[in-house]
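Asks: Handing you a structure now.
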Amino acid sequence: MSEAIIVARGVEVTLGGNPVLQGVDVEVGHGEIVAVTGPNGVGKSTLLRCLAGLRTADAGEIAVLGGPPRDEPAFWRDVALVADEPAWYPGLTVREHLELMAAVHTGSRMDVGEALESFGLASRADAAPPALSTGQRQRLMLAMTLLRPSRVLLLDEPERGLDAEFRRLLASILTDYAAQGGTVVMATHDPGLAEAARSRRVALADGRAESTV
Amino acid sequence: MRSVAEIRGFVRSRSRRPRNWTDLYSTGLGLAVVAAMLSQPAFTLLAAITRQADPSRMGAGVALVMLAGAGFLAAARAIGPVTLPPADAVWLLISPLDRRAVLRGPSGVLLAVSAVAGMVLGVGLLAVLGTPDHTGVRLAAAMLLGVATATGGMAAAVLAQASQTWNTWAGPAIAVTAALAVAVALLGSGAGRRLLTAAASAPPAAGAVLAATAAALAGLLVRRAWRALERIPARTLLDASAGRGRAAGAAVAVEPGSLTWSAEDAHWRGRALRSRRWPALPAPMALAWQDWRRLGRRPGRLAVLSATAALPALVARTGGGVLEGMTAPAAAPGLDAVPGLDAAPGLLGVSLTVGLMLVGGLAAAAAGTSGARRDGDNPALARLLGVDPRRVLAARALLPGLLGGAWLVAVLAGLTVTGALPAGPWWPLGAAAAPALAAGALRMARRRPVDHAMPVIDTPMGAMPTGVIAWALTGADLVVLGCLPLAAALLFQPAAPGGLLAAQVLLGTAVLSISVLREGRRRRDPL
């Protein structure tokens, strides 16, 4: 494996007295895509939150880009997270959300028009996010995430609300991201997306991780 | 097909416990207690209106009554006004049942609420105009006029739900009423004073004729609205009932924050926007620009905000110059004093006005904090943007500071112009309070949800949930602390308020600076 960007060793997390992660070991290299799979409640989102520094593991060690993950601006300038529900600011259009992202980050990965086209939002550029469908809002969230520069992508069920065609497109976008040197960890229930993105599968079961492909 | 009454009876029979005589007893006792509690203030009010009114206060008073009426109808339109409980909306509305029968209950409630509101407005109008003679006839006429106006207005609001034509006219009609109220307030202290005095001293028979005509018109409108009930589209009723469901949910969970977001999203969902290029600004200001753009797209809210700056002056004017209460000269000869107002200690009047100003300033500043509120509720975008939270907070303080400060400047200028405050440069105090208002509004925007784990304290006035109180005071606490010099200046009205102005500048800046510096220590998403 190439240079390790994410290293998790013996991660243990207990939620409400229920041991969710019991010694999870994961290592993700530079330019690699890892798909974390497993049934509901197995701890995929919890592992992602640990990697994002949003939850402290009860035991074990985690390093992202050579240091422990922290919920701080310096960390978020290198790491982009898409989790839970899509977020937006009231009163802004889809295009303005993308322009805001481009205005805040120097060296965007693509320009706003390109992002609108790539994520199938060009016809909805002047819409406010509450007027979008669930899938379109998820596309907007992914477009904002992939427009800004980053070294690591953490995606929690990115396929949520997306149609089959766009899932294939998303796989290709993620493959390009990794080819440019980015590292991706995504929790997913879609084996097709994991396969199309040519990801290494890590299955969580009984609180432990097992590489399957 | 079964009738609505049969179906409602069936639902009631399946409820957890059938209603019995103890329910009737409890309801009756509750009503008797409420009547007993309200009787004393009602008698005091009735005694207070038996007097010759002060012509200089009539304009402001009539304007306040008109604004209250317009606000009542605007609120009714915002709610529906016809709504159904969520269960009825789901099960009874979209069914072959007679729609007017389904809506009979809610319509009755609307009629009762309008009647009560109308009576209050009528008594309020009479309190402003005074009753030189025939108190009983004038009171009855004023109450009938109030009830007729409120029920007629409510019927028009119901018609607006059923008909696009009425709907098109309803909004402008309320706006015109509000504009007329402003005109009455402005002219009431000048050219219109004679007209108002003539109206107040008109023979009681004229008032009775006016009230009877209004009642006849209201009757026609109510009849037409009753017929229109069956034409209200299901979609309109479902939307209104969903809003009522959200309001009920927010009330049950004591979480008003959830209600504001659903209203905000509903507002933007129905708007056609046009993207504009994002300005080239440093990262924190580029992020804060979102609130400027959002507010620029809500000119109506800005207009309402500007209009409310006149309210403290109107209230002070109606009360006979409340802010001069501590040093007010005696009432003009030949005029009876208003019991409860002139008799009230000046300190109380000034304190109330200062409280109104601080709450209003906080509300004005809060109109520019939607970005901070959104990031507080869902920090996903803030993480994606990855900007230093301290610098973001400092940039986000500009707009609420400008809004709150400008509102207070307008209020203080209005109080000075109307003579409620002694002549002098009071308005700079408003500008100096801007940082404290911004700090309070941003603290309010980022407060956590209500902590229901906090204790409930039993008091003689009932149980006090400290979690809700702490939630409600978060933000206001900082404003009170940061605006102490402003409050002191208004309370003591020193001849040279320069020292307090300097203190306000220093304290406001300090409060905002400490808020910004503490931001780095906040965890965004505690687990």
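The values are calculated or read from the model by the stated rules, or taken from the named source; none is laboratory data. This is a predicted model, so every value here is computed, not measured. Positions of Cβ are backbone-derived with ideal geometry, glycine not excepted, and every protein chain shown enters the neighbour counts. When the accessible area is computed, the model is the full protein with side chains, heavy atoms only, and any ligands, DNA or RNA have been set aside. Shrake-Rupley method; radii C 1.70, N 1.55, O 1.52, S 1.80 Å.
Asks: Using a 1.4 Å probe over the heavy atoms of the protein chains, calculate the carbon and sulfur portion of the accessible area of the stretch A:83-149 as a whole percent.
Replies: Values: 890 of 2030 Å².
That fraction is 44 percent.
Asks: Add -39500 (n - 2.57) for each DSSP H run of 4 or more in chain A, then divide by its residues: what number comes out at 222 nm, to the nearest 500 deg cm²/dmol? Write down the numbers at each step before the final one.
Replies: Details: 7 runs with 66 residues, N = 213.
It lands at -9000 deg cm²/dmol.
Asks: Also, I was wondering about something else. Could you work out Rg/(2.2 N^0.38 Å) for the stretch B:45-247, with Rg from alpha carbons only? Numbers along the way, then the final one.
Replies: Values: Rg = 18.8 Å, N = 203, 2.2 N^0.38 = 16.6 Å.
Dividing the Cα Rg of the stretch B:45-247 by 2.2 N^0.38 Å gives 1.14.
Asks: Can you sort B:I7, A:I6 by solvent-accessible area, 1.4 Å probe, largest first? Mind showing how you got there, number by number?
Replies: Working: B:I7 45, A:I6 0 Å².
So the residues, ranked largest to smallest area, are B:I7, A:I6.
Asks: Which shape class, rounded, prolate or oblate, goes with the stretch B:92-205 when its Cα gyration tensor gives a ≥ b ≥ c as root eigenvalues, a/c under 1.5 marks rounded, and past that a/b bigger than b/c marks prolate?
Replies: Details: a/c = 4.05, a/b = 1.80, b/c = 2.25.
In terms of gyration-tensor shape, oblate.
Asks: Enter the Cα centre distance for the pair the stretch B:366-427 and the stretch B:130-201, rounded to the nearest angstrom.
Replies: Comparing the Cα centres of the stretch B:366-427 and the stretch B:130-201, I get a distance of 34 Å.
Asks: Rounded to the nearest 20 Debye, what is the dipole magnitude of the protein assembly as shown about its Cα centre when Lys and Arg each give +1 and Asp and Glu each give -1 at the C-beta? Show your work: numbers first, answer last.
Replies: Details: 69 positive and 51 negative charges, 353 e Å.
Roughly 1700 debye for the protein assembly as shown.
Asks: Using a 1.4 Å probe and counting only protein heavy atoms, how much accessible surface gets buried when A and B come together, both sides summed, in Å² to the nearest 100? Show your work: numbers first, answer last.
Replies: On the way: alone 9990 and 28570 Å², together 35330 Å².
Interface area, both chains combined: 3200 Å², rounded to the nearest 100.
Asks: Out of all DSSP beta bridges with both ends in the protein assembly as shown, state the antiparallel percent to the nearest 5. Kindly include the intermediate steps, with their values, before the conclusion.
Replies: Working: 24 of 41 bridges.
About 60 percent, rounded to the nearest 5.
Asks: Using a 10 angstrom cutoff on alpha carbons, build the Gaussian network for chain A and name the most mobile of A:A164, A:A102, A:A143.
Replies: Among A:A164, A:A102, A:A143, the largest mean-square fluctuation in the Gaussian network model of chain A belongs to A:A164.
Asks: Specify which residue in the list B:A218, B:A53, B:A115 is farthest towards the positive end of the charge dipole of the stretch B:45-247, using unit charges on the beta carbon of Lys, Arg (+1) and Asp, Glu (-1), about the Cα centre.
Replies: B:A218
Asks: Could you tell me how far the Cα centroid of the stretch A:100-117 sits from the Cα centroid of the stretch A:29-69, in Å?
Replies: 27
Asks: At a threshold of 8 angstrom on Cα-Cα distance, excluding pairs fewer than six apart, so keeping six or more, what relative contact order does chain A reach in percent? Mind dumping the intermediate values first?
Replies: Working: 411 pairs, mean separation 62.8, N = 213.
It comes to 29 percent, rounded to a whole number.
Asks: Still on this model: Can you tally the net charge around A:V11? Count Lys and Arg as +1, Asp and Glu as -1, for every other residue whose Cβ sits under 9 Å from the Cβ of A:V11.
Replies: Values: positive: A:R9; negative: A:E12, A:D25, A:D58, A:E61.
Local charge sum for A:V11: -3.
Asks: What part of the accessible area of chain B, given as a whole %, is carbon or sulfur when the probe is 1.4 angstrom? Don't skip to the answer; put the middle values down first.
Replies: Details: 18920 of 26980 Å².
Reported share for carbon and sulfur atoms: 70 percent.
Asks: Additional query: Heavy-atom accessible area per residue, the stretch B:100-238, 1.4 Å probe: how many Å²? Each step should come with its number before you reach the end.
Replies: Working: 6960 Å² over 139 residues.
About 50 Å² of surface per residue is accessible.
Asks: Around B:A206, with a cut-off of 15 angstrom between Cβ atoms, what is the net charge of the other residues, counting Lys and Arg +1 and Asp and Glu -1?
Replies: Working: positive: B:R138; negative: B:D133.
Computed value for this residue: 0.
Asks: Go ahead and estimate [θ] at 222 nm for chain B from helices alone: -39,500 (n - 2.57) per DSSP H run with n ≥ 4, summed, over the residue count, rounded to 500. Before the final figure, lay out each step's value.
Replies: Working: 25 runs with 372 residues, N = 527.
One gets -23000 deg cm²/dmol as the mean residue ellipticity at 222 nm.
Asks: Pull out a ≥ b ≥ c, the square roots of the eigenvalues of the alpha-carbon gyration tensor of chain B, then state rounded if a/c is under 1.5, prolate if not and a/b is larger than b/c, and oblate in the remaining case. Write down the numbers at each step before the final one.
Replies: Details: a/c = 1.70, a/b = 1.10, b/c = 1.54.
Since a/c reaches 1.5 but b/c is at least a/b, the shape of chain B is classed as oblate.
Asks: Would you tally the net charge around B:W289, using a Cβ to Cβ cut-off of less than 13 Å, leaving B:W289 out, and scoring K and R as +1, D and E as -1?
Replies: On the way: positive: B:R276, B:R277, B:R293, B:R294, B:R297, B:R396; negative: A:E96, A:E99, B:D291.
Neighbour charge sum, excluding B:W289 itself: +3.
Asks: Which residues belonging to the stretch A:112-144 lose at least 10 Å² of 1.4 Å-probe accessible area when the assembly is complete, relative to their chain isolated?
Replies: Buried on complex formation: A:D126, A:A128, A:P130, A:A131, A:M141, A:M144.
Asks: While we're looking at this one, here's another question. Give me the Debye-computed log₁₀ of I(q)/I(0) at q = 0.13 Å⁻¹ for chain A, equal point scatterers on Cα only, no solvent, two decimals.
Replies: Listed by q, the Debye log ratios stand at -0.71.
Asks: Also, I was wondering about something else. Could you tell me whether the stretch A:56-126 comes out rounded, prolate or oblate from its Cα gyration tensor? Rule is a ≥ b ≥ c as square roots of the eigenvalues, rounded for a/c under 1.5, then prolate if a/b exceeds b/c, otherwise oblate.
Replies: Details: a/c = 2.68, a/b = 2.14, b/c = 1.25.
Taking the square roots of the gyration eigenvalues as a ≥ b ≥ c, the stretch A:56-126 is prolate.
Asks: What Kirkwood hydrodynamic radius, in Å, does the stretch A:159-213 give when the mean of 1/r is taken over all pairs of distinct Cα atoms and then inverted?
Replies: On the way: mean 1/r = 0.0833 Å⁻¹.
After inverting the mean inverse Cα-Cα distance, the result is 12.0 Å.
Asks: Indicate the residues belonging to the stretch B:378-424 that lose 30 Å² or more of solvent-accessible heavy-atom surface (probe 1.4 Å) upon moving from the chain alone to the assembly of all protein chains, ignoring ligands and nucleic acids.
Replies: Listed by number, the residues meeting the 30 Å² cut-off are B:N378, B:A380, B:L381, B:R383, B:L384, B:L385, B:G386.
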